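For reference, the structure discussed in these notes is given below.
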Amino acid sequence: MTGCVCEHPFFGYDCSLRLCPTGDDPLTEGQVNEVQLFTCDATGGSLVFFYRGKPTVNIPVSSSSGAVKAALESHPDISEVVVTFNPTDVASVCQASPTNVVRVEFTQDFGSLPPLVPYLAKLSSPGGSPGGGTAVAVTVSRGGESVLYDSNSLGYHSTSGSKEAEACSGRGYCDRYDGECECFTSRETGDTYASSDGYGGLGGREDCGAPVPALGGGARIRACPGDLVSCSGHGACNTTSMTCECWQGYESGDCSQRACPLARPWFAYPTADEEAHSFAKGQAVPCANAGICDQGTGTCTCANWVTGAACEHMVCGAGEGGPGAPTSPCSGHGRCLSQSELALEATRSNGGPANFTYGLDPSKASTWDGASVMGCKCDRGFEGAFCSERACPLGDDPNTRGQANERQLIRCEAEGGTFTLAFRGASTGAIAFDASALEVEAALELLPSVGDLSVAFSGAATKACFGGYDPCSVMVVQFQTEHGDLPSLRADGEELTDAVMGASATSGIAVYQNGAAPGAAENCAFLDQGVTSVRGTTESLACSRRGLCDRGTGLCKCFAGYGPSDGLGGAGAIMDCGFVLGSDRAGSGD
């Protein structure tokens, strides 16, 4: 999965929006600028810093504080700094002795800033070895994390910037399409805001950071911003800082804009090693970083590959307008499910339920997409990413020998009630204890997971279940269109009864497969020894690997010499190319 890394000053999932100037809220007090410190122990070459991933120009080791200032301010992401050497009589930025603690105060970039990251390869040590030599060292301190000492043993502390760095200083609207601020005005008092110098006075930052009281110089701002009324009638005014605390669903400095719903970001910088897409506090984002928020209505306009109120769900397939995209979800031939939902429907290689789960633990980073990434669960007879392709009949390759179709046995001992049978997650309706073989066969063939099969009773039995005085018999289920090693039929006998006691006979029905058969312990000591279950060993291949599948119609075009089979290798009506024309095979499954 890929996303856009926007060039400054653009942002948004498609980099179509512009950032507005940021600034410090002029009505908050007691805040400080970011101060970073560094020492440089080197005698030759040049120092380079990386800031926000971009390098500064070369800073020669002999540079003065003014030259360091100029080099830093030439960086595209640094506006203005004050650089001082400590002790003040030091002449060069880098030197072995005396130690120079260089103080860098960011005076026009506010908030807690990323560190200056030194690049040592262009520096050299007193012995002349290139960067990285043992005598070359650059130490940086930010956020008060360490104290640096100069040659006079005076300690210096770095400081994390605590001023706001809000769009339009939190005192204006940001037009995200042209990147310009429209400063707030209080309709109640006439107080307004203007472009500032970064410190509450008028200036050229275009950031709305300069308060302009209606009563003129020396007066205070007397009301919170708002259209007609403070906070636009959608929040509470803090009369100390004259800031709005917006009600849920509203945002911006005057609470006039609607907030869009939040969701895990599709694209965002990782929050830790091997961790991204977090839904922790502060990590949920409007429109999931995959859409544009309409701040007038609080609704998201999503990219064409996602949907949902917060653009939090992937469209099934490639999305509208994408390559080969359907006109309706799953082409009208399937269900659009999340990864978590698809896990519950997953099957093993033989078609049996896999009993998987995915994404149920919201704290597990590796399954963040459980409710977001969507896919199609196709209806029977359809396949492909969009469920737009027809599935062709599956069959056994008639040219492979020594194989057999799956045969399973069902033993049912009861004298009343009903039972059900299930296969690959689909269950029959109630089947009477005395149902005929054709009735059991018809009930199974109604299942969406079954094509054709045959049901017969062993011995001379005429009903599905044998009673207490009847000889043991079993239902013999011979699969024809389902090939390979199949999962077991599931029998439920909760509604079966014993004629004598009238009690539930739950244990009176069981399924046998893979060579097993009931014996003496199941009152079947005299069951015909030839009646046994068989593990399926045939292939399950489109058109039996002896024809071409037309994905538009779901029909097989058989190769010369092959035609429809009975599913067991003999001639029949299943259009699977599984019969060798002219052969005398009688449908043994070999």
Worksheet item: How large is the charge dipole for the chain, taken about the Cα centre, if only the Cβ atoms of Lys, Arg (+1) and Asp, Glu (-1) carry charge, to the nearest 20 debye?
Response: 960
Worksheet item: What are the lysines whose alpha-carbon lies under 30 Å from the alpha-carbon of Lys122, with same-chain residues fewer than 8 places away excluded?
Response: Lys54, Lys69
Practice prompt. At most 14 other Cβ atoms within 10 Å and a DSSP loop assignment: could you name the trypsin sites (Lys or Arg not before Pro) in the range 30-128 that fit?
Written response: Arg52
Worksheet, complete the sentence: Output ordering of 169-180, 189-200 (per-residue mean of other Cβ within 10 Å, highest first) is 169-180, 189-200
Worksheet item: Say the dipole of the chain comes from +1 at the beta carbon of Lys and Arg and -1 at that of Asp and Glu; which of Cys549, Val315, Val450 then lies farthest toward its positive end?
Response: Cys549
Practice prompt. Note down the magnitude of the dipole of the range 297-408 about its Cα centre, charges +1 on Lys and Arg C-beta and -1 on Asp and Glu C-beta and zero elsewhere, to the nearest 20 debye.
Written response: 200
Item to complete: Could you go through the range 193-208 in sequence order and give the Karplus-derived ³J(HN,Hα) for each residue, using 6.51 cos²θ - 1.76 cosθ + 1.60 with θ = phi - 60°, rounded to whole Hz, and x for Gly and Pro?
Response: 9, 9, 4, 10, 9, x, 10, x, x, 5, x, x, 6, 6, 10, 6
Discussion item. Rounded to the nearest percent, how much of the accessible area of the chain (1.4 Å probe, protein heavy atoms only) is carbon and sulfur?
Written reply: 52
Worksheet item: Whole number please: convex hull volume per residue of the Cα set in the chain, in Å³?
Response: 274
Discussion item. At a threshold of 8 angstrom on Cα-Cα distance, excluding pairs fewer than six apart, so keeping six or more, what relative contact order does the range 65-199 reach in percent?
Written reply: 16
Fill in: Computed [θ] at 222 nm, helices only, for the chain once each DSSP H run of length n ≥ 4 contributes -39500 (n - 2.57)
-1000 deg cm²/dmol
Worksheet entry | Dipole of the chain [Lys/Arg +1, Asp/Glu -1 at C-beta], most positive-end residue of Asn355, Trp368, Gly530 | Trp368
Fill in: Length-normalised contact order of the chain in % [C-alpha pairs under 8 Å, at least 6 apart]
9
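Provide the packing ranking of 240-251, 399-410, i.e. peptides ordered by the mean count of other C-beta atoms within 10 Å per residue, highest first.
Most protected by this proxy first, the peptides run 399-410, 240-251.
Kindly report the accessible area of the chain per residue (heavy atoms of protein chains, probe 1.4 Å, no ligands, DNA or RNA), in Å².
49
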Item to complete: Using θ = phi - 60° and the Karplus relation 6.51 cos²θ - 1.76 cosθ + 1.60, list the HN-Hα couplings for the range 534-548 in order, rounded to whole Hz, with x at every Gly or Pro.
Response: 9, 6, x, 10, 6, 6, 10, 10, 4, 6, 6, 6, 10, x, 9
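The values are calculated or read from the model by the stated rules, or taken from the named source; none is laboratory data. All values reported here derive from a predicted model rather than from experimental measurement. FYI the Cβ positions are ideal-geometry reconstructions off the backbone, even for glycines, and counts take in every protein chain you see. Side chains included, ligands, DNA and RNA excluded: accessible areas come from the protein's heavy atoms. Shrake-Rupley method; radii C 1.70, N 1.55, O 1.52, S 1.80 Å.
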